[in-house]
Amino acid sequence: MTGKSFFLFICFSLLIIPFHKAAAQEHPPIPVSVEVRNAQGLNFGSFIVGNAGGNVILTPNGDRSADTDVYLLNLGSSPHYAIFDVYANPGTLLQIQPVSKVLLSGPAGSNVTLNIDPFFDISTGQTFITTTNPHEVIVGGKLNIPSGEAGPAGNYNGTFTLTFIHE
């Protein structure tokens, strides 16, 4: 190799080195940690039930309605949806498992049924991606009262569980 061609070989090699891409292992993914806290309970407010029974519906945007033989009242405690604060890294994909029917216990051993449909009664739907921390999930539902006799006046209590699964 002559001095001139050796010089050109070195210059060409030095030009290639800065543009050569070094391969390295990517950083491991951020650990997924999800915490859910109940910020507010679900309350359907006051209502009267006739002999035919019916439903009280509370939407995630706070609208309350009744059907069949149920009449809404504006007495006592105000109706409000449930609020859950989800603490997870923004961008976390979460799915809420469907809730089975929940029996709420009332006076003299009476029961009414709470139904929560994740597609209609949960503000985020069944599957969502967190955008803030905490990410607020608002939950409404449908309360089914079979009749005035089966669901006498009084307070009804119970609990429901939402299961959040990260993908």
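The values are calculated or read from the model by the stated rules, or taken from the named source; none is laboratory data. As the structure is a computational prediction, the values presented were derived from the model and not from experiment. So basically every Cβ, Gly included, is an ideal-geometry build from the backbone, and we count neighbours across all protein chains shown.
The condition of being assigned to a strand (DSSP E or B) and among the aromatic types (Phe, Trp, Tyr) holds for PHE84. Restricting attention to segment 42-50, does a residue exist that is surrounded by 12 or more Cβ atoms within 10 Å (Cβ to Cβ), within 23 Å of the chain's Cα centre (by Cα) and of a type in the set (Val, Ile, Thr)? For segment 42-50, residues surrounded by 12 or more Cβ atoms within 10 Å (Cβ to Cβ), within 23 Å of the chain's Cα centre (by Cα) and of a type in the set (Val, Ile, Thr): absent.
A single member of GLY148, GLY91 is among the small types (Gly, Ala, Ser), surrounded by 12 or more Cβ atoms within 10 Å (Cβ to Cβ) and in contact with a strand residue (DSSP E or B) (Cβ under 7 Å, 6 or more places away or on another chain), and it is GLY148.
Against the definition (at pLDDT below 95, aliphatic (A, V, I, L, M), surrounded by 10 or more Cβ atoms within 10 Å (Cβ to Cβ) and assigned to a strand (DSSP E or B)), how does ILE57 come out, yes or no? Spell out how you get there, then give the answer.
On the way: at pLDDT below 95: no; aliphatic (A, V, I, L, M): yes; surrounded by 10 or more Cβ atoms within 10 Å (Cβ to Cβ): yes; assigned to a strand (DSSP E or B): yes.
Criteria not met by ILE57.
For GLY76, the conditions (1) within 24 Å of ARG37 (Cβ to Cβ); (2) among the small types (Gly, Ala, Ser); (3) without any contact (Cβ under 8 Å) to a residue 40 or more places away in the chain all hold with the exception of (1).
Condition first: over 18 Å from ARG37 (Cα atoms), of a type in the set (D, E, K, R), assigned to a loop (DSSP other than H, G, I, E, B) and out of contact with any helix residue (DSSP H, G or I) (no Cβ under 9 Å at 6 or more places or on another chain). Can you find one or more residues in segment 98-105 that meet it? Yes, there is a match, as at least one residue in segment 98-105 is over 18 Å from ARG37 (Cα atoms), of a type in the set (D, E, K, R), assigned to a loop (DSSP other than H, G, I, E, B) and out of contact with any helix residue (DSSP H, G or I) (no Cβ under 9 Å at 6 or more places or on another chain). The residue pairs whose first member lies in segment 24-35 and is at negative phi, whose second member is at pLDDT 80 or above and among the acidic types (Asp, Glu), and whose beta carbons are closer than 9 Å, counting only pairs six or more residues apart or on different chains, are GLU35/ASP85.
Does VAL112 count as part of a strand (DSSP E or B) and in contact (Cβ under 8 Å) with a residue 24 or more places away in the chain? Spelling it out, VAL112 is indeed part of a strand (DSSP E or B) and in contact (Cβ under 8 Å) with a residue 24 or more places away in the chain. No other residue among LYS142, LYS101 is surrounded by 13 or more Cβ atoms within 10 Å (Cβ to Cβ), at negative phi and more than 12 Å from the chain's Cα centre (by Cα) apart from LYS142.
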